[in-house]
Amino acid sequence: MISPSPQVSTGQLVVITGPSGVGKGTLLRSLRQAHPDLFFSVSATTRAPRPGEIDGKDYYFSDRGQFEQMVQAGQLLEWAEFAGNFYGTLRQPIQEQIQQGKLVILEIELTGARQVRQSYPQGQQIFILPPSLEELERRIRDRGQDSETAIARRLARAKAEILAADEFDLQIINDNLEPALAQLEATLFPKTG
Ligand code: 5GP
């Protein structure tokens, strides 16, 4: 549980969830480029690295034993199984960054988002929707990085996740990158006055 002390200036936690293939990666890469001050959490995962992915930058790639140790030691703020692999958010860096007043972004799936909602209800939760299920399937296939089995699992999970979009504070439809990014920025950096 993150418990921000009222004496220190505290940052904010923003959870971004959306089905696999919805374009979260591209959206968040653009957000990161435009706002280098944001802190993007690097998750631990038991998934094998995809071509080009770097340990410590894209994920902390771990084996199951290491992951289970982190769970048992209470080092994860949340964790979930997704498409046969474990994914989890390291608690300590998040806590430190929030205490330093940073805006912290977690890009995680639905089960994890629900856990964070319990432990950090003051966080903001945003759901990214595809324009349609057909378009989502096309995007997953175009990525060409997953086996047929993995694609089928990701699609089934995507449908279940989309049904939960209403639980989130805000839903953004990622049809085109620019308007989706503008909507995300308007939410993260509301204009005052
Ligand atoms: P991918 O394998 O495509 O990188 O990620 C699969 C799913 O795992 C995505 O929906 C992504 O948002 C989610 N994910 C990534 N890191 C975490 C994490 O730390 N916790 C949870 N619960 N989900 C995560």
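Matching residues to (1) open to solvent by less than 60 Å² (accessible area, probe 1.4 Å); (2) more than 21 Å from Gln125 (Cα to Cα); (3) within 13 Å of the ligand (Cβ to nearest atom):
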| position | (1), (2), (3) |
| --- | --- |
| Pro19 | yes, no, yes |
| Ser30 | yes, no, no |
| Asp55 | no, yes, no |
| Phe61 | yes, yes, yes |
Check your understanding: So which of Gly101, Gly144 ends up being on the phi > 0 side of the Ramachandran plot, out of contact with any helix residue (DSSP H, G or I) (no Cβ under 8 Å at 6 or more places or on another chain) and without any contact (Cβ under 8 Å) to a residue 60 or more places away in the chain?
Key -> Gly144
Practice item. Please state which one of Thr45, Thr89 is farther than 20 Å from Gln118 by Cα, within 12 Å of the ligand (Cβ to nearest atom) and surrounded by 12 or more Cβ atoms within 10 Å (Cβ to Cβ). Key: Thr45
Point to revise | Qualifying residue in the stretch 153-170 (condition: open to solvent by less than 90 Å² (accessible area, probe 1.4 Å) and within 27 Å of Pro36 (Cβ to Cβ)) | key: yes
Review point. Within the stretch 118-136, which residues are surrounded by 17 or more Cβ atoms within 10 Å (Cβ to Cβ) and not polar (S, T, N, Q)?
Key: Tyr120, Gly123, Ile126, Phe127, Ile128, Leu129, Pro130, Leu136
Exercise for review: May I ask you to list the residues in the stretch 32-42 that are more than 12 Å from the ligand (Cβ to nearest atom) and polar (S, T, N, Q)?
Suggested key: Gln33
Review point. Which one is nearest to the ligand (Cβ to nearest atom), of the residues in the stretch 63-86 that are under 22 Å from Thr17 (Cβ atoms) and of a type in the set (Gly, Ala, Ser)?
Key: Ala80
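The values are calculated or read from the model by the stated rules, or taken from the named source; none is laboratory data. It should be emphasised that the depicted structure is a prediction, and the values quoted were computed from it without experimental measurement. All Cβ positions, glycine included, derive from the backbone under ideal geometry; neighbour counts span all protein chains shown. Each accessible area value is taken on the protein alone, full model and side chains, heavy atoms only, with ligands, DNA and RNA left out. Shrake-Rupley method; radii C 1.70, N 1.55, O 1.52, S 1.80 Å.
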